[in-house]
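S.K.: Starting off with a structure, shown below.
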Amino acid sequence: MKKYIYFAVALLGLASCTSEDFVGDEDLRIANENTAISFGFNVPTPTRALEDAAAATALSSQFIVYGEKGETDGTAPAAGNLVFQNYKVTYTASTAYTTTSNTDDWEYVGLSWTSAEQSNITTSTTDVQSIKFWDDAASSYTFTAVSALPADIQNGRVTITKTTSGSDQYAKGYSIVLAKDASDNYPDLSKLYFADRNNIAKGDGYSHNAVKMNFRNTQSHVRVGVFETIPGYKVSAIHFFKQNGTTEYNDGASTPTNAFGAVCPNISGTNYEGTLTVTYGNGTNAALNQPIVGVSGTPATDLVLGTNYSTLTVGNPSAEPAVAAKFLGETATTATYDTNGGTYTIVMPQEGNTTNLKLKVNYTLYNEITKETITITGKTAEIPGKYLAWKPNYKYTYLFKITDDDLNPITFDAAVIEAADGKAEYITTVTEPSITTFGVSGGKYVTDKNEYEAGNDIYATFVVGSTVQTPQLGINNATNYVQIYQVTTSDADNFPITEASVAERLAVTPAGTAKITCTNVTTSNDGTYFTNTESPSVVTSVPAEDGTTKTINAVKLPGAKENTYAIEFVTYEAVTLAADASLVGYYLESSGTYTIQNSGTYSSGTYYKQVKTYKIIKVAAVPTP
């Protein structure tokens, strides 16, 4: 029996730490020639008190700001250019405009550090925090900031060192040492935030609003959910296995409980000790000034999450009535998560990750009426490492969807949605080989409907084993050959559009009674299938969730219109043939060209079988939520 498993990944930002929660007030104007520098948030006036209070709570009512004017590339501030040497800025409700330096309930004048704090923060013991004014003679100002739980700073669980020079101005971040104290208390990483690097040019004006400081939490969060829609069956007994394929993941307790796990590089964010190195993105895009957190430590090989799966057991078929059982979520909108309530597991960010995630899973299908059970074993998948580049302040939800889909071979789907505004989507069908698609920009993806929004570019990448391949268009006798089809059906009830039905249709000589039509649109540039006159093409980079690009080979579908598309990926796999075996249907390779053999028997040489992998893409005018 063949099965499909669809694998989905959703990426969301921490709700309490989005950019707009921590930005300066755009509306304030102070008509004083020597305007004081102040800090604040940009929130609507009617809700300012509530919003500021929530943001202050997230930041423990305190942050530490470093500011210099006329910043030079990669070097420490010139004499006289250091403005804020790690000043303390604190929040007190309803104090705005009680001083010249406080316009948004945030004050820095007259504050001081304790001796314990000074020993754990790069600051001056003689600098009294005095009021600072904008200098119209300065070419620019640059501000960075960090916030940590005050008690963690006091007790040395967090030590903050400002990097005042480096390879360039974007390397002038922070070095943060995290350590447990003498009582074995660890730093609270949920209270550790870094602000975006904020460069204000003279042309933007200095006597304007409060300084914008956009804070982002250090941690990444991961959870996994599974749901299924197999008619007549329930799914239970999910078991994940380590890379050797025989050892099952467990929680490591004295009496081990089954757990979700994957072969995946990661560093746990629980009780973490080590050094965080913070730099900033280097480029013209404002998003590239976001903090990049480097984590010290050797990544674990295995990622082990929750144990909620261990409760998913089939009722006793011989008992009448059957023992009460718990099964996976049985609708497209209700998932069973690895943890009760769908809570997240804390991990440290790994933005530079390139190592793939590998899965191996067994599960059981159960029919409550007939008591039939079907055991599905040894199903594997591999997700490209670029999609595991976990960023700080992001929540990642990985969703497995198990469905029969005409009982065809197992595939996995993955969707990743950008944290702030959902502009980047990643949908991965993982077989062997695998196809991953990306919908950009601004388009939406609805997991249970498997749809993209029309009018947006869609990218497809291709993986064989652990290697991203270089696709080829228009070369039908070479490996990594890709074709794009527009697919329609005249009888969706009996002939639904699936990877298997498309594969079957393309393998059969067209006939007048065909229920599925596959129109090759690989070279289409007439505006029929895509929103402009550009045809699909091979590219070497795709948009990323942070506004940059990922360097990865892909095929671009330029502004797909409302249609159902199929991507066909053709590669070749070497085979071992018995002596005197027929060569009919196998391929012989010469200089990268594969030629099918129509006759003959094996005597010597390397022969190949052709492998075709398909991915269905549904594009809708407005995806159904």
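The values are calculated or read from the model by the stated rules, or taken from the named source; none is laboratory data. Just so it is clear, the model here is predicted, and its values are computed rather than measured. In this analysis, Cβ positions are derived from the backbone assuming ideal geometry, glycine residues included, and neighbour counts consider all displayed protein chains. We work out accessible area using only protein heavy atoms, side chains counted, and drop any ligands, DNA or RNA first. Shrake-Rupley method; radii C 1.70, N 1.55, O 1.52, S 1.80 Å.
S.K.: What are the pairs with Cβ atoms under 7 angstrom where one residue, in the range 78-105, is acidic (Asp, Glu) and the other, located anywhere, is part of a strand (DSSP E or B)? Sequence gap at least six, or different chains.
M.R.: ASP104/PHE39; ASP105/TYR91
S.K.: Taking the range 159-189, which residues are open to solvent by 50 Å² or more (accessible area, probe 1.4 Å) and within 25 Å of the chain's Cα centre (by Cα)?
M.R.: Of everything in the range 159-189, just one residue is open to solvent by 50 Å² or more (accessible area, probe 1.4 Å) and within 25 Å of the chain's Cα centre (by Cα), namely ASP188.
S.K.: If a residue counts only when it is not aromatic (Phe, Trp, Tyr), which strands (runs of 3 or more DSSP E) contained entirely in the range 143-232 have at least 3 such residues?
M.R.: Counting at least 3 such residues, we get 158-162, 174-178, 198-201, 220-228.
S.K.: Would you mind stating whether LYS371 is in a strand (DSSP E or B), basic (Lys, Arg) and either within 26 Å of LEU192 (Cβ to Cβ) or open to solvent by 10 Å² or more (accessible area, probe 1.4 Å) (or both)?
M.R.: no
S.K.: How many residues, within the range 116-158, are surrounded by fewer than 18 Cβ atoms within 10 Å (Cβ to Cβ) and β-branched (Val, Ile, Thr)?
M.R.: 5
S.K.: Can you list residue pairs whose Cβ atoms sit under 7 Å apart, with the first residue in the range 127-143 being within 22 Å of LYS172 (Cα to Cα) and the second being basic (Lys, Arg) and open to solvent by 50 Å² or more (accessible area, probe 1.4 Å)? Count only pairs 6 or more apart in sequence or on different chains.
M.R.: ALA138/LYS202; SER139/LYS202; SER140/LYS202
S.K.: Please find, within the range 559-576, the residue that is farthest from LYS609 (Cα to Cα) out of those that are surrounded by fewer than 18 Cβ atoms within 10 Å (Cβ to Cβ) and touching a Ser or Thr at 6+ places or on another chain (Cβ under 9 Å).
M.R.: Once the filter is applied, the top-ranked residue is LYS561.
Table: residues versus (1) touching a Phe, Trp or Tyr at 6+ places or on another chain (Cβ under 8 Å); (2) open to solvent by 50 Å² or more (accessible area, probe 1.4 Å); (3) at pLDDT 70 or above; (4) not in a loop (DSSP other than H, G, I, E, B).
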site: TYR426; (1), (2), (3), (4): yes, no, no, yes
site: GLU432; (1), (2), (3), (4): no, yes, no, no
site: THR436; (1), (2), (3), (4): yes, no, yes, yes
site: GLY442; (1), (2), (3), (4): no, no, no, no
site: ILE458; (1), (2), (3), (4): yes, no, yes, yes
site: THR461; (1), (2), (3), (4): yes, no, yes, yes
site: ASN477; (1), (2), (3), (4): yes, yes, yes, no
site: TYR485; (1), (2), (3), (4): yes, no, yes, yes
site: PRO496; (1), (2), (3), (4): no, no, yes, no
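S.K.: Tell me which residues, restricted to the range 242-267, are in a strand (DSSP E or B) and buried (at least 22 other Cβ atoms within 10 Å of the Cβ).
M.R.: Answer for the range 242-267, where residues must be in a strand (DSSP E or B) and buried (at least 22 other Cβ atoms within 10 Å of the Cβ): GLY261, ALA262, CYS264, ASN266.
S.K.: Which condition number in (1) open to solvent by 30 Å² or more (accessible area, probe 1.4 Å); (2) of a type outside the set (Asp, Glu); (3) part of a strand (DSSP E or B) is the one that TYR614 fails?
M.R.: The failed condition is (1).
S.K.: Please verify whether SER112 is farther than 19 Å from THR142 by Cα and open to solvent by 60 Å² or more (accessible area, probe 1.4 Å), treating the condition exactly as stated.
M.R.: It is true that SER112 is farther than 19 Å from THR142 by Cα and open to solvent by 60 Å² or more (accessible area, probe 1.4 Å).
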